[in-house]
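One structure is given below, encoded as structure tokens.
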Amino acid sequence: MAIIQTENLSYVYSEGTPFRKTAIDNINISIEEGEFVGIIGHTGSGKSTLVQHLNGLLKPTSGRVLFNGQDINSSKEFTRTVRFSVGLCFQYPEYQLFESTVYRDIAFGPKNMGLSEKEIEEHVLKAADFVGLKKEMLNKSPFDLSGGEKRRVAIAGVIAMEPKVLILDEPTAGLDPQGRDTISDMIDNYRISTGSTVIVVSHSMEDVAKNASKVLVMNRGKVEFFTGVKEVFSNYERLVEIGLNVPQITGIFIDLKSRGYDVRTDIYTVAEAKKELVRLFRERGALK
Amino acid sequence: MIKDITIGQFFPGNSIIHRLDPRMKLVLTFIYIIAIFLCKNFLAMGTMLLFLILTVLLSKISLKLIAKSIKPVFIIVLITSVLQIVYNNKGITLLELGRLHITTGGIFTAVFTTVRIVALVVASSLLTYTTSPTLLTDAIERLFSPLKIVKINVHSIAMMMTIALRFIPTLIDEVDKIMSAQKSRGADLESGNIIQRGKALVPVFVPLFINSFSRAYELAFAMECRCYKGGEGRTRLKEMKLAARDYIALFAILACCGVIILSNRLITAPEQYSNILDSFLRFVL
Ligand SMILES: Nc1ncnc2c1ncn2[C@@H]1O[C@H](COP(=O)(O)OP(=O)(O)OP(=O)(O)O)[C@@H](O)[C@H]1O
Ligand SMILES: [Mg+2]
């Protein structure tokens, strides 16, 4: 059974005013346990709105969201328990830190779960380790950290609840290349070592191509594609039409192909690209 | 939830009411509110109501929004009406329940108070619904600019108001976002007694204040970078100019005032209606 499923999910902002805006429209998706889903879509396509439904922060205007087959809005208590199983980390989460020390901020979630002091400590240390925060950082004030460090603390705050489904809304936005890589690696590590489901909203086609097992493409509040990485990125024209793109490296191969070189176009990572180029050069006798 | 607040909200449009000069709108609203309280008879009240209804229709603001603006004062209206009906014993008694007398005088006053409060709220909401906050503060600055003579820095006050108004929606958005984020970490903001709820708000207000302060600094820097140095010698991109429609509007409201003054002199006040009704009833019985 799917761990998360939506049925005809729609949401309208500011219903009943002239600013009425349908943010997502009739979404039907189902996500299996252990999957890594990448969500892409142009700005304002409804990605953030969609993920806020998955842990019950927004109540659907129409339709339902199911967690393990049960409607997450069926009762207040259930919504609250779902929030511990579906951990959502917002876009720019560093603006939500509030405690006096990093340790206490990360402990906020586990404390709300009602864990004992000992369990809380275990969870916090484990989460801090996952995101690569050093021990001595834990006693600092979160406001004295750099932007990237704050981001890690915020993500650790969600991971510390050890959710079965981890949702991150643009976790790497505004970070330096190294920060982007470490955070996306750390998310993948989390998934592999805990077997959790991970959903990541991202504007980086590279990140999505590298990690995701399935890609959800949103366009103007509707689902455009929801399939495997290869299937999605093979629709180059359509993706460009809706304001997206394929990974840069894939673009190069599509370009090479259109210039008459016999190359594959389903290349998404630099490693694959290297292999394919070496093959091409070999065939043409340029490499021994 | 917190998003449903419509106070001071602006709904862009292109109706004639939107296009009125904001200074004129401000003055007209002011005159209108005073006039509402001078009405002493049904003719005057009817005229003022008609004027308001026409303005609402001309503004093309949906009636739903108008109804929304009245909602917050509904309780006040209800309480004052009930008090009037219970305690005002003028006129003839229509119903007697033990010590409770329901009289014509009470009912008239209740109706008048209700109409007054509703008209007051609708008129002032209409002002903010149809005027952008920037134009509104601009208008205030100009209307009060004579106060410069007594060394009141009208420009700074107006600028502060503009900034404050500008950031209300931003802050509401932010509260909403922070609350969502903390709820995602299992914060329970909706149950428990007052003390527990107060405590639960700490995770919301700490980041809110911190972000507001840093935003205030950033805004100040941004303004300085654009050479903002206060109002001295500042010129404007758009000069406000009164058009024919502004004079027509002024004329219309003055005409309404004329009706009020005349009718107040010529027609008896509602308290006296009850006397007439009284003698009429006596005559019939
Ligand atoms: N609080 C809100 N009130 C009204 N409209 C909103 C609100 N939040 C989002 N919207 C609108 O809903 C639509 C979808 O917004 P959403 O934030 O889900 O987009 P997104 O795909 O996450 O975009 P981005 O890539 O910029 O984060 C947008 O058109 C936006 O204008
Ligand atoms: Mg978003």
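The values are calculated or read from the model by the stated rules, or taken from the named source; none is laboratory data. Since we're looking at a predicted model, the values are computed, not measured. Note: ideal-geometry Cβ built from the backbone for every residue, glycine included; neighbour counts use all protein chains shown. The protein model used for the area step is the full one, side chains on, heavy atoms only, and it has no ligands, DNA or RNA in it. Shrake-Rupley method; radii C 1.70, N 1.55, O 1.52, S 1.80 Å.
Among the listed pairs B:K25/B:K90; A:K47/A:K230; A:K47/A:K274; A:K118/A:K140; A:K111/B:K177, give every one whose C-alpha distance is greater than 27 Å. Numbers along the way, then the final one.
Working: B:K25/B:K90 38 Å; A:K47/A:K230 21 Å; A:K47/A:K274 33 Å; A:K118/A:K140 21 Å; A:K111/B:K177 21 Å.
Table pairs above 27 Å Cα-Cα are B:K25/B:K90; A:K47/A:K274.
Are there chymotrypsin sites (Phe, Trp or Tyr not before Pro) in the range A:1-72 that DSSP puts in a loop and that have at most 15 other Cβ atoms within 10 Å, and which ones?
Answer by residue number: A:F19.
Any idea what diffusion coefficient the range A:178-288 gets from Stokes-Einstein, in µm²/s, Kirkwood Rh on alpha carbon pairs, 25 °C, 0.890 mPa s?
Rounded to a whole number, D works out at 158 µm²/s.
Just the accessible area for B:R142, please: 1.4 Å probe, Å², rounded to the nearest 10?
Rounded to the nearest 10, the figure is 40 Å².
What number results when the radius of gyration of the range A:4-245, computed over Cα atoms, is divided by 2.2 N^0.38 Å?
Values: Rg = 17.9 Å, N = 242, 2.2 N^0.38 = 17.7 Å.
That works out to 1.01 for the range A:4-245.
Note down the relative contact order for the range B:2-284 as a percent, whole number, built from C-alpha pairs under 8 angstrom at least six residues apart.
Across the range B:2-284, relative contact order equals 32 percent.
Sorting check: for B:122-134, A:87-99, A:133-145, which peptide has the highest mean count of neighbouring beta carbons within 10 Å, and how do the rest follow?
A:87-99, B:122-134, A:133-145
What whole-number value in Å² describes the accessible area per residue of the range A:247-288 for a 1.4 Å probe?
Details: 2980 Å² over 42 residues.
It amounts to 71 Å² per residue over the range A:247-288.
List the residues, sorted by chain then number, that are 5 or more residues from B:L94 or on another chain and whose placed amide H is less than 5 Å from its amide H.
Here B:I102, B:T103, B:T104 satisfy the definition.
Peptides B:107-116, A:76-85: what's the order by average Cβ count within 10 Å, highest mean first?
B:107-116, A:76-85
How far is helix A:147-159 tilted, in degrees, relative to the longest principal axis of the Cα atoms in chain A, given as a value from 0 to 90 rounded to the nearest 10?
Computed tilt is about 70 degrees.
Measure nothing fancy, just the Cα-based angle from helix A:76-85's long axis to the longest principal axis of chain A, in degrees from 0 to 90, nearest 10.
Helix A:76-85 sits roughly 50 degrees off the main axis of chain A.
Counting partner chain Cβ atoms within 10 Å of every residue's Cβ in A:77-84, what's the average?
The mean count of partner-chain Cβ atoms within 10 Å per residue comes to 2.
May I ask you to work out the translational diffusion coefficient for the protein assembly as shown at 25 °C, viscosity 0.890 mPa s, via Stokes-Einstein with Rh from the Kirkwood sum over Cα pairs, reported in whole µm²/s? All intermediate terms of the calculation are to be shown ahead of the outcome.
On the way: Rh = 29.1 Å.
Value of D from the Cα-based Kirkwood radius: 84 µm²/s.
In the protein assembly as shown, with Lys and Arg counted as +1 and Asp and Glu as -1 at Cβ, which of these residues, A:S196, A:P18, B:L136, has the Cα nearest the positive end of the dipole, that is, farthest along it?
Value: B:L136.
Which residue, chosen from B:H101, B:I33, B:N88, occupies the Cα position most advanced towards the positive end of the dipole of the range B:1-158, where the dipole is computed from +1 (Lys, Arg) and -1 (Asp, Glu) charges on Cβ about the Cα centre?
Value computed over the given set: B:I33.
Could you give the DSSP H helices of chain B that reach 18 angstrom or more along their long axis (alpha carbon positions) and whose average Kyte-Doolittle hydropathy is no lower than 0.5?
Membrane-span-like by this criterion, though nothing is claimed about a membrane: B:22-38, B:42-59, B:74-87, B:104-130, B:154-184, B:202-225, B:244-266.
Students often check this: by mean Cβ neighbours within 10 Å, which of A:151-160, B:248-257, A:108-117 ranks highest, and how do the rest follow? Intermediate results must be reported in sequence, preceding the final value.
Numbers: A:151-160: 26.8, B:248-257: 15.7, A:108-117: 17.7.
Order by mean packing, descending: A:151-160, A:108-117, B:248-257.
Given charges of +1 on the Cβ of Lys and Arg and -1 on the Cβ of Asp and Glu, with all other atoms neutral, how large is the dipole of chain B about its Cα centre, in debye to the nearest 20?
Using only the charged Cβ atoms, the result is roughly 400 debye.
A:G41's amide H: which non-local residues (gap 5+, or another chain) put their own amide H closer than 5 Å, with H modeled 1.01 Å from N in plane and none for Pro or chain starts?
Result for A:G41 returns A:M218.
Please report the accessible area of B:I157 (heavy atoms, 1.4 Å probe, ligands and nucleic acids excluded) in Å², nearest 10.
Counting only protein heavy atoms, B:I157 exposes about 80 Å² to solvent.
Quick one: net charge around A:G148, please, counting Lys, Arg +1 and Asp, Glu -1 for every other residue with C-beta under 13 Å from its C-beta.
0
When you look at the Cβ of every residue in B:182-194, what mean number of other chain Cβ atoms sits within 10 Å?
Partner Cβ neighbours, averaged per residue: 6.
Once phi is turned into θ = phi - 60°, what whole-Hz ³J(HN,Hα) does the Karplus curve with 6.51, -1.76 and 1.60 give for every residue of the range A:194-208, x standing for Gly and Pro?
Per residue, the Karplus-derived 3J(HN,Hα) values read 10, x, 6, 8, 10, 10, 10, 8, 8, 9, 9, 4, 4, 4, 4 Hz.
Nearest 100 Å², what total accessible surface is buried between chain A and chain B (probe 1.4 Å)?
So the buried area, both faces added, is about 2000 Å².
At 4 °C and 1.567 mPa s, what whole-number value in µm²/s does Stokes-Einstein give for the translational diffusion of the range A:247-288, with Rh from the Kirkwood sum over Cα pairs?
Estimated diffusion coefficient is 126 µm²/s.
Explain nothing, just the number: dipole magnitude of the range A:72-118 about its Cα centre with +1 on each Lys and Arg Cβ and -1 on each Asp and Glu Cβ, in debye rounded to the nearest 20. Before the final figure, lay out each step's value.
On the way: 6 positive and 5 negative charges, 40 e Å.
Taking the Cα centre of the range A:72-118 as origin, the dipole is about 200 debye.
Hey, got the average number of other protein chain Cβ atoms within 10 angstrom for residues in A:15-26?
Working: counts 0, 5, 9, 8, 3, 0, 0, 0, 0, 0, 0, 0.
Mean number of neighbouring Cβ atoms from other chains: 2.
Restricting things to Cα coordinates, could you compute the convex hull volume per residue of the range A:126-226 in Å³?
Here the figure is 115 Å³ per residue.
In the range A:1-36, which residues have a backbone nitrogen under 15 Å from the label point lying 7 Å from A:Q70's Cα in the Cα-to-Cβ direction?
Under cut-off, by backbone N: A:3-5.
Using a 1.4 angstrom probe, figure out how much accessible area the range A:91-143 has per residue, in square angstrom, rounded to the nearest whole.
53 Å²
Along the range B:196-201, what does the Karplus equation 6.51 cos²θ - 1.76 cosθ + 1.60 (θ = phi - 60°) give for ³J(HN,Hα), rounded to whole Hz, x for Gly and Pro?
So the J values, rounded to whole Hz, are 4, 5, x, 4, 5, 7.
Note down the relative contact order for the range A:4-245 as a percent, whole number, built from C-alpha pairs under 8 angstrom at least six residues apart.
Relative contact order of the range A:4-245: 27 percent.
As I understand it, the value is the acute angle between the Cα axis of helix A:270-283 and the longest principal axis of the Cα atoms of chain A; what does it come to in degrees, rounded to 10?
The answer is roughly 10 degrees.
What per residue convex hull volume, in Å³, do the alpha-carbon atoms of the range B:2-284 yield?
Spread over its residues, the Cα hull of the range B:2-284 gives 215 Å³ apiece.
Using a 1.4 angstrom probe on heavy atoms only, work out the carbon and sulfur share of the accessible area of the range A:4-245 in %. Each step should come with its number before you reach the end.
Values: 4820 of 10350 Å².
Percent of accessible area from carbon and sulfur atoms in the range A:4-245: 47.
Would you compute, from DSSP H runs of 4+ residues alone, the mean residue ellipticity of chain B at 222 nm, taking -39500 (n - 2.57) per run and dividing by the full residue count, rounded to the nearest 500?
-23500 deg cm²/dmol
Quick one: if you take sqrt(5λ) for each eigenvalue of the C-alpha gyration tensor of the range B:24-122, what semi-axes come out, biggest first, whole angstrom? Present the calculation step by step, with values, prior to reporting the outcome.
Working: eigenvalues 175, 47, 22 Å².
Value: 30, 15, 11 Å, ordered largest first.
Could you list the residues of the range B:51-83 with an amide nitrogen less than 17 Å from a label point located 7 Å from the Cα of B:I248 in the Cα-to-C-beta direction?
B:51-60
Where the only charges are on Cβ atoms (+1 Lys, Arg; -1 Asp, Glu), what is the dipole of the range A:247-288 about its Cα centre, to the nearest 20 debye? Can you show the working numbers first?
On the way: 9 positive and 6 negative charges, 46 e Å.
Computed charge dipole of the range A:247-288: roughly 220 debye.
What does the net charge come to around B:L126 if you take all other residues with beta carbon closer than 13 Å to its beta carbon, with K and R at +1 and D and E at -1? Don't jump to the answer; show the numbers that get you there.
Working: positive: B:K25, B:K60, B:K68; negative: none.
Taking every Cβ under 13 Å from that of B:L126, the sum is +3.
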